[in-house]
1. Looking only at region 86-119, count every residue that is of a type in the set (Gly, Ala, Ser) and in a helix (DSSP H, G or I) and tell me the total.
2. How many residues are among the β-branched types (Val, Ile, Thr), over 21 Å from the mean Cα position of the chain (by Cα) and surrounded by fewer than 19 Cβ atoms within 10 Å (Cβ to Cβ) if we restrict to region 311-362?
3. Can you pull out the residues in region 270-305 that are farther than 17 Å from LYS326 by Cβ and either open to solvent by less than 40 Å² (accessible area, probe 1.4 Å) or of a type in the set (Gly, Ala, Ser) (or both)?
4. Give the number of residues within region 333-349 that are touching a helix residue (DSSP H, G or I) at 6+ places or on another chain (Cβ under 7 Å) and assigned to a helix (DSSP H, G or I).
5. Looking only at region 279-332, count every residue that is basic (Lys, Arg), in a loop (DSSP other than H, G, I, E, B) and touching a strand residue (DSSP E or B) at 6+ places or on another chain (Cβ under 7 Å) and tell me the total.
6. Which one of these is in contact with a strand residue (DSSP E or B) (Cβ under 7 Å, 6 or more places away or on another chain) and open to solvent by 50 Å² or more (accessible area, probe 1.4 Å): HIS211, HIS221?
7. Which of the following residues is without any contact (Cβ under 8 Å) to a residue 40 or more places away in the chain and open to solvent by 10 Å² or more (accessible area, probe 1.4 Å): ARG99, ARG95?
8. I'd like the full set of residues that are open to solvent by 100 Å² or more (accessible area, probe 1.4 Å), of a type in the set (Lys, Arg) and out of contact with any Ser or Thr (no Cβ under 7 Å at 6 or more places or on another chain), limited to region 363-376.
Amino acid sequence: MSDPALAARLGGSVGAFAAADWNALAGARNPFMRHEFLTAMEDSGSIGPGTGWHSAPLVISADGGPPLAAMPAYLKEHSQGEYVFDHAWADAYERAGGRYYPKLLIAAPFTPATGPRLLLSDEALALPLIAAAEKLCRQNGVSSAHATFIEPAQQVLFQEAGWLLRHDLQFHWHNRGFASFEDFLATLSSRKRKDLRKERAAAQAGLDIVHLRGAEIEERHWDAFWVFYQDTGARKWGRPYLTREAFTLLGERMGEDLLLIMALDGTEPIAGALNFIGPDALYGRYWGATRDVRFLHFELCYYQAIDAAIDLGLARVEAGAQGGHKLARGYEPVETVSAHWLAEPGLRRAVAEYLAQERAGIAGDRLYLAERTPFRKG
């Protein structure tokens, strides 16, 4: 680091830093980089002993003062909860006699949402912060470092530092100045408009759909949602990533940034979808149901999210990782990018070759999907 007064240090948790200091760097652009979200993961036990996630935030400060730059980082004993899949890299490296875990992950835990990964008071601190992550890995025998879902402005910073970029696709809905869901439907082909209207009618039949924010979300709602979340988590991942306490803490610390959409049969909640609200996007995160209702997943996670984004004047809905079925419902393919540093030259060469082939395939997939959106042509 060029300024001898500046020093990089490792924190034991995001909670070890004052919320005001951390949020001064994180800003308001992305809810998942804020002190409230990251400490809810720590304080709820979703991250920590027994989870394979160990909080290891890196900061740069001057003379022991407040951080001037920070990155939310985690030493990982596995590759779960990341949504950028490197299991094949780990298997190949360990078959060759290497030790892939622990690795360093720079990310919003359990959250495939693009955002800043370098929290900076001055962009000149970006490369020193990235170098500090590399140094941490080398000094502790950590095989690799991975920054996932990096916002476009910061991708070049990792690339300049020599990290390998990896590309993938998500599906986002874009608000083109719509005043209502019907305005959005008018942009679709006639057949697709009919399909979506039928799906919404079938999903809503006999049910009430409610939107809850802030103090409207009570513990009884979290109790119901926890049942939904456990069922989905057990089927998708083997066990839920978040603890029950995480939802209470999220509600307490950032309730106005949450939108809980629930389907009620009378007074009984039977399904729910949890969204986070950013300044320009609605982020769909978790969903579950105790009853199988046709199209209800699409209604709560995609169509109600569109309704909410229009009401809130948000530019887009990010509905999570993967899901080609989103395409037919007006969600368009969008590129996501992660960056990877690998200590062992042989592993780096092999991954670089793999990524070059994968990148060509992803580019082709995006073109193919973009031609098959449900919007009116011409």
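The values are calculated or read from the model by the stated rules, or taken from the named source; none is laboratory data. Fair warning: this is a prediction, and the values are worked out from it, not measured in the lab. FYI the Cβ positions are ideal-geometry reconstructions off the backbone, even for glycines, and counts take in every protein chain you see. Quick note on the areas: whole protein, heavy atoms, side chains included, nothing else; ligands and nucleic acids left out. Shrake-Rupley method; radii C 1.70, N 1.55, O 1.52, S 1.80 Å.
1. 3
2. Residues in region 311-362 being among the β-branched types (Val, Ile, Thr), over 21 Å from the mean Cα position of the chain (by Cα) and surrounded by fewer than 19 Cβ atoms within 10 Å (Cβ to Cβ): 0 in total.
3. The answer is ILE270, ALA271, GLY272, LEU274, PHE276, ILE277, GLY278, GLY288, ALA289, VAL293.
4. Quick first cut of region 333-349, residues touching a helix residue (DSSP H, G or I) at 6+ places or on another chain (Cβ under 7 Å) only: 333, 335, 337, 339-343, 347.
Okay, now just the ones that are also assigned to a helix (DSSP H, G or I), so 347.
Qualifying residue count for the region: 1.
5. Total satisfying the criteria: 1.
6. Values: HIS221 fails: open to solvent by 50 Å² or more (accessible area, probe 1.4 Å).
One residue alone meets the criteria, HIS211.
7. It is ARG95.
8. ARG372
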